[in-house]
Amino acid sequence: MSIKMHHFLRIALSGIIMLTSFAICAVLLVTERIIVGFIIGIVGLITSAYLGHKFTFSVPAACPKCKGKAFGKKSSEERLYFECTECGHIQMTGFQYSDETTE
Ligand SMILES: [Zn+2]
């Protein structure tokens, strides 16, 4: 998959988890199960952030040069880039990556 597709899938993946947990949370809040609702909301938030992070750094995108496996990395300026494991090509994405969790 291309780097653009990779980026899109990451947003879609974490977005779906977040929206689903918020929907469940809202239903529970309306039906006055407030504590359970809040727990599910928070767990959903953490899960979507965690999975988005895992996805970015563990699922390879296709290198634009050789179609090899390029893994996401974070530069010192908090920018996301992809480094190819086969030809060493570095593709800057320009996406800001300001996630607190670092590897
Ligand atoms: Zn490559």
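Some points to look at:
- Put simply, the convex hull of the Cα atoms in the chain casts, on average, a shadow of 6.8 nm².
- 0 to 90° range, to nearest 10: angle between helix 34-58 axis and the chain longest Cα axis: 10
- Coordinate range along principal axes, alpha carbons of the range 1-59, Å, largest first: 45, 14, 8
- Axis of helix 3-30 versus longest Cα principal axis of the chain: the two differ by about 10°, to the nearest ten degrees.
- Percentage relative contact order, the chain, counting C-alpha pairs under 8 Å, at least six apart: 20
Readers should treat all values here as calculations from the given coordinates under stated rules, not as data from a laboratory. On a predicted model such as this, the values are computed, not experimentally measured, just so you know.
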